[in-house]
Amino acid sequence: GNSVTQMEGPVTLSEEAFLTINCTYTATGYPSLFWYVQYPGEGLQLLLKATKADDKGSNKGFEATYRKETTSFHLEKGSVQVSDSAVYFCALSASWQGAQKLVFGQGTRLTINP
Amino acid sequence: GAVVSQHPSWVICKSGTSVKIECRSLDFQATTMFWYRQFPKQSLMLMATSNEGSKATYEQGVEKDKFLINHASLTLSTLTVTSAHPEDSSFYICSARGWEQSNTGELFFGEGSRLTVL
C-alpha cells in the first residue's frame, strides 16, 4: 500500500541552525511528493513538491530532493528562523478509487527559539 | 494561491445532536473536495472524497451514515456529523482542488474545524 513515515517530533532548534526532517515513503508506481506546512491557527499550505525522481523542490529556503533509490524526500533548510516554527507534513499523491489522493505522514512539529 | 474557507472554526455541541461544517472554495471552482480528520499528534486521515454533483466516496472504516457529505456546487461542500458522540470530537479539515490540480495531486486546505461533543 501507500504510506509515508516522518521523523518524529517535536524538533526544537535555535535560530540559524540547520534543519533536516526525514521522510520516507512506500508506494506503488511513481507518486508525486509534497511537503505541506501548517502554521499556528492556519490551514495546511503547500511548501514544495517534486513530481519525479531526482527532482528538487524548493521554496522559502527549504529544499527536498525526490530520491527513488532510497524512497526518501527529506526536508532541509540551511538556516532556520523563528517564523519557520510550524508543523510540517510530508505527503505523497496516489491514485485509488478512481481519484488522485494525498497520503500524509504524521507531521513533525518544529519550534525555533531566538 | 487558491483559498479554501471552513466554517465554523470551532463548535461545541451536545451528544446526540447533529453538526454541519461548511467548506467553500473562494476563488476557484473545486471539482473535487476531500474531508480529513486529524487526531491530536497524529496525521490527517482521509474520510471521503467528493466530486461536484456526485455521491461522496468514503474510505474504509468511515461510516457514511454518520458523516454525511454533500458537494452540491463547485464552491461548496458540507460535512454533517449526525447524532454526534464524544468520540466524534476531533479536528476536521477540508481540502479542494480544481481542474488544474487533478493530475498533480496538489490540494488547497481550509483552516479546519474543531468539534467538541459534550
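The values are calculated or read from the model by the stated rules, or taken from the named source; none is laboratory data. Please read these numbers as outputs of a predicted model, since none were measured by experiment. All Cβ positions, glycine included, derive from the backbone under ideal geometry; neighbour counts span all protein chains shown. We work out accessible area using only protein heavy atoms, side chains counted, and drop any ligands, DNA or RNA first. Shrake-Rupley method; radii C 1.70, N 1.55, O 1.52, S 1.80 Å.
Excluding ligands, DNA and RNA and using a 1.4 Å probe, chains B and A jointly bury around 1600 Å² of accessible surface, summed across both partners.
For the protein assembly as shown, what % of the accessible area comes from carbon and sulfur atoms, probe 1.4 Å? Ligands and nucleic acids excluded, carbon and sulfur reach 49 percent.
Ignoring lysines fewer than eight residues from A:K56 along the same chain, the ones with Cα atoms less than 24 angstrom from its Cα are A:K68, A:K77, A:K101. Solvent-accessible surface of chain B, taken per residue with a 1.4 Å probe and all protein chains present: 50 Å².
Comparing B:S25, B:S89, B:S77 in a Gaussian network model of chain B where C-alpha atoms under 10 Å apart are linked, the largest mean-square fluctuation is found at B:S89.
For chain A, what is the accessible area per residue in Å², given a 1.4 Å probe and the full set of protein chains? Display every interim value, and only then the final one.
On the way: 5300 Å² over 114 residues.
Normalised by residue count, the accessible surface of chain A is 46 Å².
Could you work out which residue, out of B:C94, B:C13, B:C23, moves most in a Gaussian network model of chain B, that is, has the largest mean-square fluctuation with Cα springs under 10 Å? Taking springs between Cα atoms under 10 Å, the residue moving most is B:C13. Burial of accessible area (probe 1.4 Å, heavy atoms of protein chains only) in the range A:58-105, relative to its chain alone, reaches at least 40 Å² for A:Q97, A:Q100, A:K101, A:L102, A:F104. Taking chain B as a whole, the Cys residues whose C-beta sits 4.7 Å or farther from every other Cys C-beta are B:C13. Electrostatic bookkeeping for A:N22 treats Lys and Arg as +1 and Asp and Glu as -1; over the other residues with beta carbon under 13 Å from its beta carbon, the sum is -1. Of the residues A:E76, A:E63, A:E16, the one that moves most in a GNM of chain A with alpha-carbon contacts below 10 Å is A:E16. Between the range A:67-88 and the range A:1-57, what is the separation of their alpha carbon centroids in Å? Cα centres, the range A:67-88 to the range A:1-57: 6 Å.
Which of the trypsin sites (Lys or Arg not before Pro) found in the range B:1-90 are in a DSSP loop and have at most 14 neighbouring Cβ atoms, other than their own, within 10 Å? Walk me through the numbers on the way to the answer.
On the way: sites: B:K14, B:K20, B:R24, B:R37, B:K41, B:K55, B:K64, B:K66; in loops: B:K14, B:K41, B:K55, B:K64, B:K66.
Answer in residue order: B:K14, B:K41, B:K55, B:K64, B:K66.
Applying both filters, DSSP loop and at most 14 other Cβ atoms within 10 Å, to the trypsin sites (Lys or Arg not before Pro) of the range A:21-99 gives A:K52, A:K60, A:K68. For B:K55, the aspartates and glutamates whose Cα falls under 15 Å of its own Cα, not counting residues fewer than eight places away in the same chain, are B:E63, B:D65.
Phi-derived couplings, Karplus 6.51 cos²θ - 1.76 cosθ + 1.60 at θ = phi - 60°, listed residue by residue for the range A:44-58: 5, 9, 5, 9, 6, 8, 9, 9, 8, 4, 6, 5, 10, x, 8 Hz, with x used for Gly and Pro.
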